Structures are given as C-alpha cells and as structure tokens.
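Mind having a look at this structure? Questions to follow.
Read-outs: derived from the displayed coordinates by stated rules, not from any lab. What you see is a predicted model, and the numbers here were worked out from it, not measured in a lab. Ideal geometry is used to build each Cβ from the backbone, glycine not excepted, and the neighbour counts take in all protein chains shown.
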Amino acid sequence: MASSLIDHLVEYRGIESNYTDAWGKPAIIDPLTKQKLLGVMGYEVADPTKLKSQADDDINKVWLSPLNPVQVLRAGEAIQLSLRLPIELVNDQYLFTITTEQGETLCHSLTPVDEQLINIAHIDDVEFQEYLIQIPLELPLGYHQLSLSIDGDEIAAMRLIMAPKSCYKPQTIIDGNKVWGLSVQLYCLRSEQNWGIGDFSDLSYLLEKVAKQGAHFVGLNPIHALYPANPDACSPYGPSSRRWLNFIYIDVTALDGYQAIETQNIVNSESFKQTLAAARAQELVDYPAVTGLKLRALSTVFDYQNSQYLSKNTKLNKAFKAFIAEGGESLQTLAVYDALQEDLAAQGKPAWGWPVFPAEFSDFKQPAVAKFTKKNAHRVKFFLWLQWQAAQQLAAANEVAVANKMCIGLYRDLAVGVSEGSAEIWGNKDLYCTSASVGAPPDILGPLGQNWGLPPMDPEKLYQQQYQPIIDLFSSNMKATGALRIDHVMALLRLWWVVKGDSAKQGGYVYYPVDDLLAILALESHKNQSLVIGEDLGTVPEEIRDKLADNGVYSYRVFFFEQAKDGGFYSPAHYPTQSMSTLTTHDMPTLTGYWHCYDLELGKELGLYPTEEILQALFISRHSNKQAILDTLHSHNSVGDEVGYDVNYVGMSQQLNFGMQKHMASGSSELLSLQLEDWLQMDKPVNIPGTFKEYPNWQRKLTRNLQGIFDDPMLNELAFSLTEARKNAST
C-alpha cells in the first residue's frame, strides 16, 4: 500500500520518473530520489500512517472547496469551471458574479444539477458531486475575480485570468525587420564618472551611443536586489528579491542632495577619495568597497531629501508614498530585511541570511520583526527610498531608448530563483521548499550536473496563491523595458530539484503548470508591451520548445551549439526567425577564450572535469569545431583570405572576431545579441559555471571605458556594418 501511495503522490505532485538527457539518451530517476522529493514537499514518506493521512487531506481539501483557487483561460475560450458541492445542495440556484479588472460587474445564475456531472466522491459519509459549469459571458483580457453566492451570501471565490494567445511583438518586428543589440553585464561597465561599478547613468550613455549606431536594444544581466549588508554575495543569479532592484547601480552623483554640504563633506574626504580611486582602478569590481562608498553617500542624500521633501506634504513625498503603496508587502519585506541584516551584521552576529538570524527574526511576520521595524523606522524608510531611486533611474534610462526610437530598448534578465537566505523566501516561506535546490542534470556545459543553491517554488503552493508571486515577477521585471529574457525558461515546464546533501546528478524533475504560466507571461507581455526571450539551452524537452514557439516566446540560439550531426555548423540563415541568436553567453568563454581554449585550461585548473580523458576529448572536439567554423565562415564569404583556412595556423584576430559577428548578422533570427566583451576582444569569462570561490565570477570589468569604446573608429565601423547586414537580412 505504501509503495502504491508513494507512486500516486509522485504522479499527483508532478515528479518525473524518466527523461531524455542532454545527449539524447533515456535516463531514469532513482525511486529513492522521488521519495526524497516528496519529503521536501512536506510528506511523511517514512511513516505510512501519516502519509496516508496527508494523501487523504489532499483529496479532502479539493472536495471541500467549491471552486478552484484560479482558472486561466485564453482569449476566445469559453468559461468552464469546476464546481464541487454536497449532494443536498446541487438543486439550489447559485449566482456567479465576475468583477473584471476594468471594474465591470457581470452576473450569471444557474442550478448545478442542470450542468454536466463529471465526478463523485464521498467525504466522511457525505456524497460530493463535481459539475463542469459553463458561464456564457465574454471577458476582456486581465485578472478578474469570481464570487459564488446563494441567497446573497458568498460561499466561495476564485481568480479568473483571461490571457492573449501569445506574447507581444513590436510592430517593426512583425513587419519583417531584423534588429541587433548588445548584451552587457551592467556592473562590468567602466566610465570616467562611475564609482568602480557600472551604473544607470552609464546605461543611459550606452543606450544613446548604440542607438545612433543602429542598435535596437541593450540586454542586461539580472539587476535584482542583492544584499547591502553582505556585498560579497554578488551573483546576479542568486538574488535576495527578483521583484526589486540592486541599489548599487544608482548613480549617486545624479541625485538631488548630492551637492548638499553633508554629502560633499563625505565624498571629498581623503579616505573616501582614496577608496573611490582604488575601486575605479581595480580590474575586478570590489563589491565591499563600492557598497560601502555608496551606502555612506546615499545615507546622507536620503537624510537631505527626507528633511526637505519626504517628511512634508510635497509632490515628491506623495510620489514616494504611492511607490511604497504599490510595492506592498513585498517591498516592505525587502526594506525590513535589509535593515535587519545590516543591524545584525553591525553587532557581529551571523547575518548571511534568515536561516542564521536569531529565532525571533526568522520570519517576516514574527512580532519581534514588527517591533524592530517600528524601532528602526528611519533606516527601513531609507531602504524603501533606495528602491524608489533605483526604479526612477532605470526608468530614465529606458526613456533614453524611447527618445532614440529603439524598437525594444532595454531588455532585462529574470533569474530562475532566489538564494536560500533571501528576503523573498523570508517573506513567503510557505511558497518555497527550502530543503531542496534547483539546478541541472549533467550536460555538455556541466558534466557533473549543477546545483545553483536556489530553493524551488512549490507548484501546488503557487497554484493555491492564485499565481500571484509569478504575476508579480513577470510584471515587475517588464517595467521600463521592451523585452524580458527568462533565464532557464524550461523552469516554466519543469525544474531539476536537488535535495540538500545530495549531488546534482542525484536530482529529479518536478513539473509546473506550464500552460497557465505561459498564459500569464503572455498577458503581462501585452500589458507591458514587452517581447519575451526564453533561454532554452541545456537539457530541453521538445514539448517546451513547441509550446514556447506557439506562445510567441523567442528561442535562444547560440552559434557554437547549432551543429549538425556531421560536426558542421548550421548557417545562421537557417535559424528560426522567432529567435534571438548570439555567439556566446555569460556562462561561456569569450570568442578569444573559446578559440584559444582558455576555458578548457581554466576548467582543468579548477578541477571541473572528472577525468583527463574527458578533458582531452573536449580539446579534440574544440579543434575540429574550430576547423568547421573556419569552413563555414569562408563558404559564406563572412571572412576574407586574410583569415586562413587551416585551423592549425589560425589564431584569433580582429578580422576573425569581426567576421564571426557579421556572419551572425546575416542570419534569419529576428534578434541578434552580441557581447561587448567580444567587441573588445577580451579573453577572460565573466562566469564559470560550477565554480563559487575558485574563480572571481561576476566581478571582471571591461578593459576599456565606455567613452573610449565609442571613440574607436574600428568599433563604430563594426556597428554600422552590423546594422547594414541586419537591414539586408530583413524581408
């Protein structure tokens, strides 16, 4: 009985039993892994009696709820709902009242017994019947509330979501135009003005310059909120909150109050100037130094604005309060978390994240947290203000793109999760399975598998919360942008869960309500007029590729992965039009690094390859791949005779580098993204997957200032040739 019950729960909770790996071979999930996954979801798998009780509770919970928490529909679909009632109530007349997002009220009454009976159950000797209800009303797109009542008393409610059939596309793309842009790690940008890290003013400058060269977007790394009190936790893919911004990108010098005497006294002190000069000169971003500099200066700017505007009945204060109100509990959670973490760190207490906070602070809703918030109201307000300023500067950068008529402008990157000690989990622990982490099974990029240290959302809890957390994520990350790139977009279908203590290859797949999530993505895409790009690399089931294409989500096509079985590289002219093509990504070597095998040499030094045989096979494969690349470049006339034909005698050169970029620009993908690092012919990667302290991930800066980049005639010529190639590739 226990075995069959576990099998039932495995299927019920969407735990996969087998899958196709990255090499196209069938793989089976260990039965013990499936039991462990049930365990991290809260099931008492070691106690058959308790497990049976939990399974019964799951069933009873559904039957004792007249309506589901949420129903997602597509435009043009009939409204069909499940209604569950005790048998003695099915002959009564009920009123369905729908309040649309637009404020309209629609009503429909019916008697359940007149509808289609689809299921029967017995709970505590009471028969329940389930009916498929048809509501003959037409709803606009949006988030609507449905109320079920009898004789004027509401007995149940649910959310109705009406979504478009596919995601938004700009008209210029629909008209057949193909565009290009740059992908950058914002923190990597150097400039004459920034404080040792790229900022939103640098972003505005970059947007204006590339727009004049014919580019239509600048893609960013995730700019999610990290940890002001723990600046060494700098991975943009391990954030504290994905709804809010990393304050470190604020340009302090652009704020009202920077010129105030209190701030000037700080920034003009010798110690401050010396630290700033050192931070600017470093080849790597010095996160602790930059964070310290910005927090000191921002604190005094805030004190100025607080006394001048934010404690009075001013327009600015009204705007600030409106921002706080719109941010709701999520924003308040982050601000309180940042203030609390800062306070604990100042006291020398463990503070890397809520798992090590004192017990009374382990949850946002604890009474001690409310007491702390009241006592430290000024500092909490400061962290709220930081988010407001960051949002305003990001919006200002987006306005530069709009003013320069970029059809996309900014595109943001949505990380797949938040780190274990994050504010996002601290504020909604019920949603996350904190005894597991998401990652990836063994694949070409990570032969040992990957564990990203990001606790997964429980798909059942997400459903019970009416998908609000995912709605908030999509909506907030599409604000002030023209596109959203979703990292590891397969997460909409399934995620590789790894139980704490297990290796990455001992994990298993858990499925998510992909059709509902894609519908919500399409709705938010239209609400925000934001194109959507899905990073679909690694172990990708065909079903998700088809679903993404049908939903208007752009595929992500990396040149080095687009190989035929004979080893040759597909021409970019054969890529899907609904795709964003690129040469490399932040998880891959630069063009120079790839060509000279620096990534393989680094991997060897860092112990990333299980055996010498695997490493040597990779070197041999790389050598043949480089020859195939030369063959395809020459056959398409993308490079001239100045680039040799024999890989044994061809090193990376500017002609080869630029030729590869122009080769991509002639392709059929509607979007082309190129890395600024490759414009500068850099050799070091920004990130090496599978490493933590072994390599300075997310710290390497660009080798040149932005001003110097756009004063370089060769780079300007490259940019204009890319624009011309994209025009020629357009229909």
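Please list, in chain and number order, the residues 5+ apart from ARG557 or on another chain whose amide H is under 5 Å from its amide H, with Hs placed from the backbone.
Under 5 Å from the amide H of ARG557 lie the amide H atoms of MET580, SER581, THR582, each far enough along the sequence or on another chain.
What number does the chain give for Rg over Rh if you use C-alpha atoms and the Kirkwood radius?
For the chain, the value is 0.98.
What is the spin-label model distance, in nm, from ASP646 to ASP30 if the labels are put 7 Å beyond Cα along the C-beta direction?
If labels sit at ASP646 and ASP30, their model points lie 5.1 nm apart.
I've got another one for you. Assuming R0 = 45 Å, what is the FRET efficiency of ILE261 and GLN655, from their Cβ-Cβ distance, to the nearest 0.05?
On the way: r = 55 Å, r/R0 = 1.22.
Using R0 = 45 Å, I get an efficiency of 0.25.
Would you work out the Kirkwood radius for segment 76-163? I mean one over the mean of 1/r across all pairs of different Cα atoms, in Å. It would help to have the intermediate numbers written out before the result.
Numbers: mean 1/r = 0.0726 Å⁻¹.
Taking every pair of different Cα atoms in segment 76-163, averaging 1/r and inverting gives 13.8 Å.
Show me the trypsin sites (Lys or Arg not before Pro) within segment 670-705 that DSSP assigns to loop and that have at most 10 other Cβ atoms within 10 Å of their Cβ.
Sparse-neighbourhood loop trypsin sites (Lys or Arg not before Pro): LYS693.
Kirkwood Rh over Cα pairs of segment 536-639 into Stokes-Einstein at 20 °C, 1.002 mPa s: D in µm²/s?
On the way: Rh = 15.5 Å.
Roughly 138 µm²/s, to the nearest whole number.
Would you please name the chymotrypsin sites (Phe, Trp or Tyr not before Pro) within segment 1-90 that are DSSP coil residues with at most 16 other C-beta atoms within 10 Å of their C-beta? Spell out each step's value before the answer.
Numbers: sites: TYR12, TYR19, TRP23, TYR43, TRP63; in loops: TRP23, TYR43.
Counting only loop positions with at most 16 other Cβ atoms within 10 Å, the chymotrypsin sites (Phe, Trp or Tyr not before Pro) in segment 1-90 are TRP23.
I need the shape label for segment 409-486. Rule: rounded when a/c is under 1.5, else prolate if a/b > b/c, else oblate, with a, b, c from the alpha carbon gyration tensor.
oblate
Follow-up. Under a plain spin-label model, where a point goes 7 Å from the Cα along Cα-to-Cβ, how far apart in nm are LYS371 and GLN308?
3.8
Right, next: Taking amide H atoms as placed 1.01 Å from N in the peptide plane, list the residues 5 or more away in sequence, or in a different chain, whose amide H sits under 5 Å from that of GLN450.
The answer is ALA440.
Compute the FRET efficiency between LYS212 and HIS526 as 1/(1 + (r/R0)^6), taking r as their Cβ-Cβ distance and R0 = 30 Å, and round to the nearest 0.05.
For R0 = 30 Å, the calculated efficiency reads 0.50.
Just to be sure I understand: of the beta bridges DSSP finds with both ends in the chain, what percent are antiparallel, rounded to 5?
DSSP beta bridges in the chain are roughly 60 percent antiparallel.
A further question on this structure: List every residue whose amide H lies under 5 Å from the amide H of LEU531, counting only residues 5 or more places away in sequence or on a different chain, with H placed 1.01 Å from N in the peptide plane.
Long-range HN contacts for LEU531: ALA483, LEU484.
Here is a follow-up. Please work out the C-alpha center-to-center distance from segment 238-289 to segment 125-186 and express it in whole Å.
42
Tell me the mean residue ellipticity at 222 nm calculated for the chain from its helices only (DSSP H runs of n ≥ 4, each -39500 (n - 2.57), averaged over every residue, nearest 500).
When only DSSP H runs of four or more count, the value is -12000 deg cm²/dmol.
Within segment 635-719, list the chymotrypsin sites (Phe, Trp or Tyr not before Pro) lying in a DSSP loop whose Cβ has at most 13 other Cβ atoms in a 10 Å radius. Numbers along the way, then the final one.
Numbers: sites: TYR645, TYR649, PHE658, TRP679, PHE692, TRP698, PHE710; in loops: TYR645, PHE692, TRP698, PHE710.
Of the chymotrypsin sites (Phe, Trp or Tyr not before Pro), the ones in loops of segment 635-719 whose Cβ has at most 13 other Cβ atoms within 10 Å are TYR645, PHE692.
What distance in nm separates the simple spin-label points at ASP56 and ASP92, each placed 7 Å from Cα in the Cβ direction?
Going from the ASP56 label point to the ASP92 one covers 2.7 nm.
Another question, then. How do ILE118, ILE261, ILE425 rank when sorted from fewest to most other Cβ atoms within 10 Å of their own Cβ?
Fewest-to-most Cβ neighbours within 10 Å comes out as ILE261, ILE118, ILE425.
What does the highest-first list of 502-510, 593-601 look like by mean Cβ count within 10 Å?
On the way: 502-510: 20.4, 593-601: 18.9.
Those peptides, ordered most packed to least, come out 502-510, 593-601.
Please compute one quarter of the surface area of the Cα convex hull for segment 4-52 and express it in square nanometres. Display every interim value, and only then the final one.
Details: hull surface 14.4 nm².
Average projection, Cα convex hull of segment 4-52: 3.6 nm².
A 31 angstrom limit on the alpha carbon distance is what I want to check against. Which of LYS321/LYS375; LYS318/LYS374; LYS52/LYS500; LYS165/LYS727; LYS479/LYS500 exceed it?
From LYS321/LYS375; LYS318/LYS374; LYS52/LYS500; LYS165/LYS727; LYS479/LYS500, over 31 Å: LYS479/LYS500.
Right, another one. Taking Rh as the Kirkwood radius computed over C-alpha pairs, what is the Stokes-Einstein D of segment 310-435 at 4 °C in a medium of viscosity 1.567 mPa s, expressed in µm² per second?
My calculation gives 78 µm²/s for D.
List the residues of segment 477-512 whose backbone N lies under 19 Å from a point placed 7 Å from the Cα of GLN468 along the Cα-to-Cβ direction.
Within reach of a label on GLN468: 477.
Also: With a length cut of 20 Å (Cα positions projected on each helix's long axis) and a Kyte-Doolittle mean of at least -1.0, go through the chain and give me the DSSP H helices that pass.
Span-like helices, by this rule, are 287-305, 315-346, 377-403, 514-528, 612-635, 713-729.
Once R0 is set to 35 Å, what does the formula 1/(1 + (r/R0)^6) return for the Cβ-Cβ distance between GLU192 and GLU101, expressed as a FRET efficiency to the nearest 0.05? Intermediate values should be presented prior to the final figure.
Working: r = 47 Å, r/R0 = 1.34.
The computed FRET efficiency comes out at 0.15.
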